[in-house]
Amino acid sequence: MSKSALVTGASRGIGYETARRFIESVDDITTVIIVARESDAFTQARDELGALAEARGKTLLAHPADVGDLEALRAAIAEIHRTVGNVDILINNAGYTNPVPIHQVEFADFERTMTVNLYAPFTLIQELLHLGNTFELIVNIASTAGITGRSGWLTYSASKAAVINMSQVLREELAIYGTRVVCLSPGRTATALRRVLAPTEDPTTIMQPEHVAQVIEAFASPVGRYIDSENIVVRL
Ligand SMILES: NC(=O)c1ccc[n+]([C@@H]2O[C@H](COP(=O)([O-])OP(=O)(O)OC[C@H]3O[C@@H](n4cnc5c(N)ncnc54)[C@H](OP(=O)(O)O)[C@@H]3O)[C@@H](O)[C@H]2O)c1
């Protein structure tokens, strides 16, 4: 069967590696849609993944969008659905953080964190459901910071805790449609986002984005239906 997979935040890091592995290694995913904001990294991802998809006889659709702008996101979802039809696999991966102590938290930034990390995944799922989409698999990327709050990471930790809980609800609520909902919480992974959280850390000593992508790939592969968990922790 030919399936389509949409990956948000696929211009770099875990999202890019996930899109790459879907194209390279998951035979029945024949259309991959990547979403991130316009940037040099997004252009490069579109070029590299486009070439890979072409070589594999697959289709890559690169759709620029700021998932923190929910109106723009709704328009992007409608456009994507018109273009590719049903989205079988959705990887809600785009993430934002600006770690500061509580005294310095600006409410607008808290709202931005909640919008990108929580409301955008919700909006993607709800809008597609409204369009009659049936999902086979939804993977929401949370974080170990959502399981245990960390000092200085209030907004990020709170948003990821909400993603874990939302995923539990979705898992129950969408089961009648045959949709599997997986919440995946990576630990420290060497990406740009991690550099914001831990600027002095040596990235060679922690997990690499391809390691997390391999676990996501397992869920999208036939074996994925046999893996059952509320919140999968992936860490070194
Ligand atoms: N790295 C870690 O240690 C770690 C640990 C636990 C969980 N996670 C989670 O893993 C996910 C992926 O992060 P990563 O570590 O791979 O970070 P990354 O390399 O910085 O990638 C983040 C991706 O999200 C996109 N993005 C951010 N804001 C966006 C927006 N408003 N609209 C559209 N796209 C947006 C970025 O593209 P643009 O900014 O160019 O748009 C980029 O493609 C995130 O949800 C993160 O919270 C990471």
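The values are calculated or read from the model by the stated rules, or taken from the named source; none is laboratory data. Predicted model, so just to flag it, every value in this text is computed and none were measured. Heads up, the Cβs are rebuilt from the backbone with ideal geometry, glycines too, and the neighbour counts pull from every protein chain shown. Just so you know, the surface numbers come from the protein's heavy atoms only, side chains and all, with ligands and any DNA or RNA stripped out. Shrake-Rupley method; radii C 1.70, N 1.55, O 1.52, S 1.80 Å.
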Query raised in the report: Under a plain spin-label model, where a point goes 7 Å from the Cα along Cα-to-Cβ, how far apart in nm are GLU210 and SER39?
Result: 2.1 nm
Query raised in the report: Rg (Å, one decimal) plus Dmax (Å, integer) for the alpha carbons of the chain?
Result: 16.7, 53
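So which trypsin sites (Lys or Arg not before Pro) in the range 1-87 pass both tests, a DSSP loop state and at most 16 other Cβ atoms within 10 Å of the Cβ? All intermediate terms of the calculation are to be shown ahead of the outcome.
Values: sites: LYS3, ARG12, ARG20, ARG21, ARG37, ARG46, ARG56, LYS58, ARG74, ARG82; in loops: ARG12, ARG37, ARG56, LYS58.
Answer by residue number: ARG37, ARG56.
Rounded to the nearest whole Å², what accessible area per residue is found for the chain with the 1.4 Å probe? Intermediate values should be presented prior to the final figure.
Values: 10970 Å² over 236 residues.
Result: 46 Å² per residue.
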Query raised in the report: Of GLU127, GLU24, which has the most accessible area and how do the rest follow, probe 1.4 Å?
Result: GLU24, GLU127
Report summary line: So, relative contact order of the range 3-234 in percent, Cα under 8 Å, 6 or more apart, is 20 percent
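Report the GluC sites (Glu not before Pro) located in the range 37-80 that are in a DSSP loop and have at most 13 other Cβ atoms inside 10 Å of their Cβ, or state none.
Numbers: sites: GLU38, GLU48, GLU54, GLU71, GLU79; in loops: GLU38.
Qualifying residues, ordered by number: GLU38.
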**Report entry** Nearest-10 value in Å² for the accessible area of LEU131, using the 1.4 Å probe
**Finding:** 80 Å²
Query raised in the report: Say each of ALA108 and LEU236 gets a label point 7 Å from the Cα, pointing the same way as Cα to Cβ; how far apart are those two points in nm?
Result: 3.7 nm
Query raised in the report: Rounded to a whole number, what % of the accessible area of the chain do carbon and sulfur atoms account for, probe 1.4 Å?
Result: 52 percent
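How big is the charge dipole of the range 3-234 about its Cα centre, in debye rounded to the nearest 20, if each Lys and Arg gets +1 on its Cβ and each Asp and Glu gets -1 on its Cβ?
240 debye
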Requested in this report: Mind ranking 161-167, 200-206 by how tightly packed they are, going by the mean number of other C-beta atoms within 10 angstrom, highest first?
Outcome: 161-167, 200-206
Query - Helical mean residue ellipticity (222 nm; -39500 (n - 2.57) per DSSP H run of 4+; nearest 500) of the chain - result: -13500 deg cm²/dmol
